[in-house]
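The structure under discussion appears below in the form of structure tokens.
Read-outs throughout are calculated quantities, based only on the coordinates presented, and are distinct from any laboratory measurement. Keep in mind that what you see is a predicted model, and the values were worked out from it rather than measured. Quick reminder, even Gly has a Cβ in these numbers, built from the backbone with ideal geometry, and neighbours come from all protein chains shown.
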Amino acid sequence: MTDISNMAVREIVQQSELKHIAFIMDGNGRWAKNKGLPREFGHRAGAETFKKVLRYCRKIGISVVTVYAFSTENIKRPKREVEAIFSLLLDYIEEARDEDGVEFCFLGDPAALGEDIGKKARALEEDTRGGAHRVNIALNYGGRAEIVHAVNELIKQGKTEISEDDISANIYTKGCPDPDLVVRTGKETRISNFLLWQSAYSEFYFSDAMWPDFSADDVDAAIRDFAGRSRRWGGLDKNETRK
Ligand code: IPE
Ligand code: IPE
Ligand code: MG
């Protein structure tokens with residue numbers, strides 16, 4: 001295996017064919033609590049981290065970044081917290097227009113969160129179509145809901161028997177490569193209903209950092225760790241393949 005310790009992260013990204021990183025941005029609430037602040041402050045700080053991480057990923061040549069912004073289950077939280085998150089999201093949807101060369105896509109059902117957020121999310125998608133880098137924002141997203149959505153689409157198309165390709169063509173990420181690497185911050189080591197279909201062969205990296213503290217150096221650490229993994233997809237390592 002190549003020694004990557006002295007290689008620049010940009011080169012590692014290329015060499016390891018790392019195209020898509022997905023982030024479960026967890027730990028905003030605990031970050032705020034640890035500082036004696038209301039949880040909303042954690043979400044505000046988390047939004048800044050999100051912008052920095054996106055820019056950094058673009059700089060080092062990651063083609064697709066997916067972020068988990070709000071799950072189908074997060075609506076259970078107190079109204080005040082949910083409203084604070086929606087307000088940050090609406091602000092970001094406006095700001096996102098200034099990101100050069102980025103195509104934004106929303107995974108999930110943002111319209112169910114309110115007419116305003118739904119319309120603005122779809123308008124951002126339309127207005128940024130064709131950007132060289134893709135950012136997927138999972139908003140009112142659940143992995144199970146996504147699979148149900150795909151199956152319902154297929155029923156509408158008249159299918160009575162379906163294949164894996166049919167599901168892949170009807171999930172929210174259609175046309176996007178599956179995530180090579182899924183990073184979860186905030187010390188929890190679970191998937192919380194994120195990209196259940198797409199992460200079948202993703203590599204997972206768990207960081208103890210709360211999301212607002214997650215930095216470019218942490219992205220580098222995750223990528224270096226990823227580059228040292230052996231992805232076999234159920235087969236054998238390249239050097240072990242027998243004739
Ligand atoms: C992630 O941080 C953001 C959302 C789920 C919207 P949390 O708010 O879950 O933070 P913790 O896990 O409670 O610290
Ligand atoms: C997952 O975090 C959802 C997002 C990061 C948006 P949660 O904080 O909702 O997950 P659980 O409840 O700890 O599993
Ligand atoms: Mg959490």
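The residues LYS51, LYS79, when put in order of fewest to most other Cβ atoms within 10 Å, stand as LYS79, LYS51.
Largest GNM mean-square fluctuation across SER71, SER207, SER192, computed for the chain with C-alpha springs under 10 Å, falls on SER192.
Estimated from helical segments only, the mean residue ellipticity of the chain at 222 nm is -12500 deg cm²/dmol, where each DSSP H run of four or more residues counts as -39500 (n - 2.57).
Quick one: compute the contact order of region 37-124, relative version, from alpha carbon pairs under 8 angstrom and 6+ residues apart, as a percent. Answer for region 37-124 is 27 percent. Ignoring aspartates and glutamates fewer than eight residues from LYS174 along the same chain, the ones with Cα atoms less than 13 angstrom from its Cα are GLU146, GLU153, GLU164, ASP165, ASP166. Net charge around HIS20, counting only other residues with Cβ within less than 9 Å of its Cβ (Lys, Arg = +1; Asp, Glu = -1)? My count for the surroundings of HIS20 gives 0.
Taking +1 at the Cβ of each Lys and Arg and -1 at the Cβ of each Asp and Glu, which of GLY36, GLN15, ALA227 sits farthest along the dipole of the chain towards its positive end, judged by Cα position relative to the Cα centre? Checked the options; the winner is GLY36. Between CYS105 and VAL135, ASN136, ILE137, the built amide H atoms are under 5 Å apart, and every one of these is 5 or more places off in sequence or on another chain.
Charges were assigned to the Cβ only: +1 to each Lys and Arg, -1 to each Asp and Glu. The resulting dipole of region 1-119 about its Cα centre is roughly 540 debye.
Here's the list of aspartates and glutamates a cross-link from LYS33 could span, going by alpha-carbon distance under 14 Å and ignoring same-chain residues fewer than 8 apart: GLU81, ASP213. Selection among TYR92, SER63, VAL148 by position relative to the dipole of the chain gives VAL148 as farthest towards the positive end (Cβ unit charges, Cα centre).
If you run the Gaussian network model on the chain, springs between alpha carbon atoms under 10 Å, then out of GLN14, GLN157, GLN198 the most flexible one is GLN157. When the chain is treated as a GNM with alpha-carbon contacts under 10 Å, the residue of THR128, THR185, THR160 showing the greatest mean-square fluctuation is THR160. Within straight cross-link reach of LYS159, meaning Cα distance under 12 Å, which aspartates and glutamates are found once same-chain residues fewer than 8 apart are removed? The qualifying aspartates and glutamates are none; the list is empty. Relative contact order, whole percent, for region 96-157 stands at 43, derived from Cα pairs under 8 Å and 6 or more residues apart. Among the GluC sites (Glu not before Pro) in region 1-86, those located in a DSSP loop and surrounded by at most 13 other Cβ atoms within 10 Å of their own Cβ are GLU17, GLU73.
Cβ crowding within 10 Å ranks LYS33, LYS19 as LYS33, LYS19, fewest other Cβ atoms first. Arranged from fewest to most other beta-carbon atoms within 10 Å of their beta carbon, TRP197, TRP211 become TRP197, TRP211. Taking region 213-229 and a reference point 7 angstrom along Cα→Cβ of LEU37, the backbone N atoms nearer than 19 Å belong to 213-216. In the chain, Cα pairs under 8 Å separated by at least six residues give a relative contact order of 27 percent.
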